[in-house]
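Structure record follows, encoded as structure tokens.
Values quoted throughout were computed directly from the atomic coordinates according to the rules given, and no laboratory measurement underlies them. Computed from a predicted structure; not experimentally measured. Reconstructed Cβ throughout: ideal geometry from the backbone, glycine too, with neighbour counts over all protein chains shown.
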Amino acid sequence: MSSLTDIEKRYLERLLEMGSGYVLDYSDATFGAFFNKFRIDIHGQKYQTYGTSKAKKMRAFWEQEPDPIVGKVLSEMLDSYIATCELGGTEIDKPVLEKGRAVVDRLLGKKAKSTNAPTESSFLDTEFTIPNIGKLPVDAPVVPVIEKRLIEARIALKAGANLSVIFLCGSVLEAVLLGAAQKHPAKFNNSKASPTNSAGSVKKFHEWSLAQFIDVACEIGLLKPDVKKFGHGLRDFRNFIHPYQQLATGFTPDQHTAKVCFQVLKAALADVAGER
């Protein structure tokens, strides 16, 4: 049983938009897939104490599981909240989010975060150098392709072609992380964050999303936490290749989003090359 207080639950329910029985924009399928990463069957009878809606299952989960598990789940779900706001064009409730983060830190037994924790502004101001592409875990024939995409990304950024920047950066990062996974399959497959199928087996690498590659790479220490923290727009780049998906979400990337994505890519490449 978690130690969440009633007040803490109110903050979390506000962030996760649980008032109408839903949890953020999760469908039943994506809600189940999210919890599967933590080896939890959220749709099982165990979590239907109060009913079968996603919000009611979440409340039952809070009551039945210990602090460390609840903390890990909530930590990633708050990242999903930020992504939902950014991609949906809605404003992040920063004061309430800060309260939610503090709750997660308490559940995980972490000390209060230092005031020196990186902000988006400080992250953007940091100068990251793109490493020699030959140092990255990609096949030799792919190197010139990646180099060309990086050049195009710089040109697109200057031209204000924001969506193109996101696509280019996302494709490069996915290629590099796939290469890293193929070079170190045991590390990626044995991570707690590795995505699984309905049978509970870890998915084949070609079935992983960019978001899953980033989560696992951060969990095993290949990428630093700031890449995950600031990479929400980049992580979901694939969804918006399809115009109807972009229309459905109302996602319209601006230059700020594009700059963050390019900065995330530079930081990630430096991480993978061991130059940070």
query = So what's the net charge close to residue 53: Lys and Arg +1, Asp and Glu -1, counting the other residues with Cβ under 11 Å from its Cβ?
reply = +3
message = How big is the dipole moment of the range 1-155 about its Cα centre under a simple scheme where the beta carbon of each Lys and Arg is +1, that of each Asp and Glu is -1, and everything else is neutral? Debye, nearest 20, please.
response = 420
inquiry  = Quick check on the chain: helices-only [θ] at 222 nm, where DSSP H runs of length 4 and up contribute -39,500 (n - 2.57) each and the sum goes over total residues. Nearest 500, please.
reply    = -18000 deg cm²/dmol
note = From fewest to most C-beta neighbours within 10 Å, the residues 171, 122 line up as 122, 171
remark   = Taking every other residue with Cβ under 12 Å from the Cβ of residue 126 and scoring Lys and Arg +1, Asp and Glu -1, one gets -1
query = Normalised by the residues of the range 1-132, what does the relative contact order come to in percent, with Cα pairs under 8 Å and at least six apart?
reply = 27
query = Once phi is turned into ³J(HN,Hα) by the Karplus curve 6.51 cos²θ - 1.76 cosθ + 1.60 with θ = phi - 60°, what whole-Hz value does each residue of the range 20-28 show in order, with x for glycine and proline?
reply = 9, x, 9, 10, 6, 10, 5, 8, 4
request  = Check cross-link reach from residue 111 to the aspartates and glutamates: straight Cα distance under 20 Å, and skip same-chain residues fewer than eight apart.
outcome  = 8, 67, 76, 79, 98, 219, 226
Neighbour-count ranking [beta-carbon atoms within 10 angstrom, fewest first] of 219, 127 = 127, 219
query = Roughly how many whole Å is it from the C-alpha centroid of the range 162-185 to that of the range 16-73?
reply = 30
message = Full-extension gain between residue 242 and residue 142, please, as 0.36 nm times their residue separation minus the C-alpha to C-alpha distance.
response = 33.5 nm
ask   = Pulled fully out, how much extra length does the chain show between residue 189 and residue 159, if you take 0.36 nm times their separation in residues and subtract their Cα-Cα distance?
value = 6.8 nm
request  = Place a +1 charge on the Cβ of each Lys and Arg in the chain and a -1 charge on the Cβ of each Asp and Glu, then give the dipole magnitude about the Cα centre in debye, rounded to the nearest 20.
outcome  = 480
remark   = Taking 18, 58 and counting other beta carbon atoms within 10 angstrom, the fewest-first order is 18, 58
